[in-house]
Amino acid sequence: MTLVFETRKYSACCKLILVLVVLIASHLAVPAANSQTCISSSGSWANAALPQAQSSSFRVVYDATPSARVMDAVAGLSFSSAYHFTSLAVATHFDSTGVINVRNGSVFTPSTRLRYSPGVKYHFILDVNVSAHTYSAYVLIGTTQTTLGTNLKFRSEQSGVKSLNNVGDLGTVGSLKICNIVVTAALSSARLILNPSTTNLSFGKVGVSSSSNQNITLTNAGNSSVTISKVTVSGVGFNASGSVAGLILSPNQSATLRATFAPAASGNQSGAIVVSSDATNSPANIALSGTGVVAAHSVALSWHPSGSGTAGYNVYVGLDSGGPYSKLTPAPVNALAYLDTSVLTGDSYYYVVTALDSANHESAPSSEVKAVIP
């Protein structure tokens, strides 16, 4: 088939928007001990073994969800499976007064009056020092972290324990579900590093009334979990949506931000994405740049029919002769013409067309034509 083109002039404008969308692949799910997704207790003990016995300093995190407003449920760490309250060297407690407290030696004590609600997920963080028989406990609700206690003593009956290798859970009133149990390095030896895939994101030339998307990957490159607290965008004319506040990435896990640039007018634009977290290299700053270009022309393509049995045509465009080409038509067109309104002043474009039959078999591409936009 023979492909020809002509250029046409037009004008357009639109509003400048920067859209930020978070994509978290399913493989980012936090692993649980012994590959168990959750353990749950209502009247009898439930246990989950840690990947290996911990005999020095370490951090363990888990999500706890109470079933009722008034509970009596305990969860914590033990050596071997727990079948008695005295088995737990480290313990958190949803008590009958409606607050969360922690074990300190011979008693449970609330360092703060943190009330709990049924069905809410509470993310516990326990920094444990087995040799010193002490631990510190924190709970994260959304993006707010509360200290339950620091340098707490192991339960008196476990003051001589040599290692811990189990998470135990018992709900005597109500039920308590424990999920996402993860063991990482001790806070003192932890490396909390969050690396963006780029620190400079350039969109190049983007036509006014058009948009361009690019991805930024945030990777936990340390040996302990990193919590992202917020994502902000600065710069006149930029905006953002899809904050990842509260996202917790385990070591080697990542999250993807999709940035979209849609200029409102011609000219250079600049800004920045700032990702704040508890990583030591926080905040991560990604510089943004792009140039809005008034797309004052269009390219009108036409071609001769390819023969009987043709069900439609696909149109492709590339920025270099020979490709690679990107498909312009979201669905095959039945006409023998196509108008490309996304071209930019000063650029060159290379077009090919393919034919499809009723079984959606696609032909080889047509000869290439070049369009130079004045």
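The values are calculated or read from the model by the stated rules, or taken from the named source; none is laboratory data. Computed from a prediction, not measured in an experiment: that's the story for all the values here. When we count neighbours, we look across all protein chains shown, and the Cβ atoms used for this are built from the backbone with ideal geometry, even at glycine.
Brief remarks on what is shown
- Residue within segment 338-348 that is farther than 30 Å from Ser197 by Cα, at pLDDT 90 or above, aliphatic (A, V, I, L, M) and not assigned by TED's automatic domain parsing to the domain that holds Ser209 present: no
- On the stretch given as segment 119-147, residues that are surrounded by 13 or more Cβ atoms within 10 Å (Cβ to Cβ) and part of a loop (DSSP other than H, G, I, E, B) total 4.
- Test set (1) modelled with pLDDT under 90; (2) part of a loop (DSSP other than H, G, I, E, B); (3) more than 30 Å from Leu140 (Cα to Cα); (4) of a type outside the set (Ser, Thr, Tyr) - Ala300 fails condition number: (2)
- Of the set (1) touching a strand residue (DSSP E or B) at 6+ places or on another chain (Cβ under 8 Å); (2) closer than 23 Å to Ser224 by Cα; (3) of a type in the set (Val, Ile, Thr), all apply to Thr144 but (1).
- Test result for Pro324, outside the structural domain of Ser229 (by TED's automatic domain parsing) and out of contact with any strand residue (DSSP E or B) (no Cβ under 7 Å at 6 or more places or on another chain): no
- Test for Ser276: is it of a type outside the set (A, V, I, L, M, F, W, C) and assigned to a loop (DSSP other than H, G, I, E, B): no
- In the set (1) among the hydrophobic types (A, V, I, L, M, F, W, C); (2) outside any loop (DSSP other than H, G, I, E, B); (3) exposed (fewer than 15 other Cβ atoms within 10 Å of the Cβ), Val236 fails one condition alone, (2).
- When Ala245, Ala221, Ala284 are screened for being at pLDDT below 85, small (Gly, Ala, Ser) and under 19 Å from the mean Cα position of the chain (by Cα), only Ala245 passes.
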